[in-house]
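The numbers here are math on the coordinates, done by the rules we state, and not lab data. This one's a predicted model, so the numbers in the text were calculated from it and none came from an experiment. Because the Cβ atoms are built from the backbone with ideal geometry, glycine has one as well, and the counts that use them run over all protein chains shown.
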Amino acid sequence: MQIVYFVFVLLLVSFGAVVMSLEILSSNLMSPYFGGSIYIWGSIISSFMVHFSLGYVAGGYLSRRFPKVSVLAAFLLVCSLWVLAIPFLYQSVCEFLSENIADVRLGSLAAMNVIFLVPVSIMAMVSPYIIGISAAWRRTSGLTAGMVLFISTVGSFAGTNITAFYLISLFPVSRIIMGLGMICLTVSLIVLLLRIDRWIGIPDANSRG
Amino acid sequence: MRGYGIIVILLVGLGFFLAPQALAAGGDNILYEGDSIYHHITIRQDGKERCMIFGRRRDLRQTCIDLEMPDAAIFEYSSMMFAGFLFRPEAKAVCLIGLGGGYIPTVFRMHLPQVRLRTVEVDPHVEKLARQYFGFSVPAGQSLTIDDGRQFLKKSQERYDQIWLDAFNSDYIPAHMTTKEFLKLVRSRLNEGGIVVQNLFCDSKFYDAQIATFRSVFAKVFAFEGQRSGSCVIVASDRPASDPAGLRKQAERMGGWIGRIDLYAEAAKCKVPSAARKAPVLTDDYNPANLLLMEKK
């Protein structure tokens with residue numbers, strides 16, 4: 001049983017951290033192309049909020065359809081590959097959009113969505129997915145929805161500060177993003193290989209209630 | 001009835017909150033205090049000095065004018081930047097990034113009317129305050145654009161003899177205007193033999209990194225070190241003939257003064273900066289500019 005909790009905490013903390021680290025780093029990706037104005041932060045924060053909400057809805061829905069950790073991990077694998085591709089992608093995306101959209105507000109909003117919609121929405125699925133699985137798997141009464149959000153937020157706190165206070169002064173942004181992608185990839189592969197669903201007995205629909 | 005009373009009190013309270021930002025803070029010499037989308041801005045007056053102060057730490061980032069002599073430099077850095085004319089005395093077109101209270105455009109208006117000055121300022125509110133409190137105006141031959149400096153240079157194809165960067169402060173710098181990529185863009189907007197002039201503080205590790213970054217783009221990099229302040233001014237060019245020893249002669253040829261700015265004194269501050277060990281070249285990818293700014297040498 002412990003291993004299930006371990007996997008849940010690992011997923012919540014690592015993806016909670018990576019998502020906020022990406023949010024901090026995205027300002028470095030945007031500012032050379034769209035300026036360092038307050039508009040950039042408007043685009044970054046609003047885009048992430050939209051991606052979060054999409055991820056919440058999708059995570060909640062999918063956890064009910066497929067209450068399996070392996071399904072979530074498969075999505076996270078796709079997300080990891082996308083993150084690894086960002087350092088190769090962003091320059092041409094930003095270059096193209098900043099040349100074709102005169103308004104920096106619209107341009108940065110478009111760039112944020114092209115680059116981050118897929119990976120951030122998938123990362124946002126983690127918390128609702130785990131809440132959904134826990135709810136279906138009655139035994140884990142210990143892990144409340146509040147606790148899930150708490151753990152993931154602690155991860156986000158760490159990701160934000162470590163990135164802003166230390167990583168940016170130590171490494172190039174592209175290398176930090178590669179590192180984040182590697183973390184995502186490693187975590188999703190570990191979770192897939194552990195075949196964690198063996199440990200989670202979810203009563204089928206007929207025996208419920 | 002009591003419920004209504006509370007609502008009225010709340011509404012009145014809210015009214016105070018939303019009242020115009022300029023809550024002129026009483027008998028103090030503060031003329032204006034308020035927020036733009038970028039800064040907290042205070043305008044205060046001491047005697048005949050009027051200052052525009054950015055941020056909450058009131059001693060740090062400011063731009064001041066002397067109301068009776070608007071062309072007298074209150075801060076050393078603003079006169080140091082005019083040393084750019086020792087390198088390019090015949091300059092016809094200058095681009096200034098960062099308006100502040102408008103001291104530099106005022107000197108151009110009064111003493112360099114033959115030079116076409118293009119000023120770029122990111123904050124529309126700063127322009128409004130400069131006009132209202134600092135007697136700033138845009139005369140014929142000058143122009144003002146409200147835009148991010150890097151965005152402006154990228155979009156506009158205009159070229160200049162000198163580009164002055166005055167968008168940096170002691171506690172925050174727009175990091176995207178410190179990088180090698182940015183300086184390459186600046187170089188591409190210079191006429192043949194044109195120069196870049198940048199104002200910054202000399203005492204942080206950011207200064208060394210900025211020198212290293214300039215050196216990675218320009219053939220010649222000079223630094224003017226302030227004698228009365230911690231300000232430094234970097235002058236960079238591709239023309240190898242630029243030479244600090246010739247600056248005095250050039251000052252002489254120009255009559256020694258631009259308005260109230262003593263060119264001999266400025267020429268004497270010029271040095272070839274020594275290369276700091278381990279100073280990183282800043283790029284769009286690797287750019288801890290604001291963190292380096294906090295680390296003192």
Proximal lysines relative to B:K128, as straight alpha-carbon distance under 16 Å, when same-chain residues fewer than 8 apart are discounted: none
Where labels lie 7 Å past Cα in the beta-carbon direction, separation of A:L193 and B:R187 in nm: 4.7 nm
Globularity index of the protein assembly as shown, i.e. its alpha-carbon radius of gyration over 2.2 N^0.38 Å: 1.19
Ranked list, fewest to most other Cβ atoms within 10 Å of each Cβ, for B:F75, B:F168, A:F75: B:F75, A:F75, B:F168
The range B:130-284: C-alpha gyration tensor shape, a/c 1.5 cut-off, then a/b vs b/c: rounded
A:Q91-B:V281 FRET efficiency (beta carbon distance; Förster radius 22 Å; 0.05 resolution): 0.75
Debye log10 I(q)/I(0) for chain B, one point scatterer per Cα, at q = 0.08, 0.13, 0.16 Å⁻¹: -0.37, -0.90, -1.36
Diffusion coefficient, µm² s⁻¹, Stokes-Einstein with Kirkwood Rh over alpha-carbon pairs of the range A:87-209 at 10 °C and 1.306 mPa s: 89 µm²/s
Distance histogram in 5 Å bins (all Cα pairs of the range A:1-144, percent per bin): 2, 10, 19, 20, 16, 12, 9, 7, 4, 2, 1, 0
Whole-number Å³ per residue for the convex hull built on Cα positions in the range A:48-125: 72 Å³
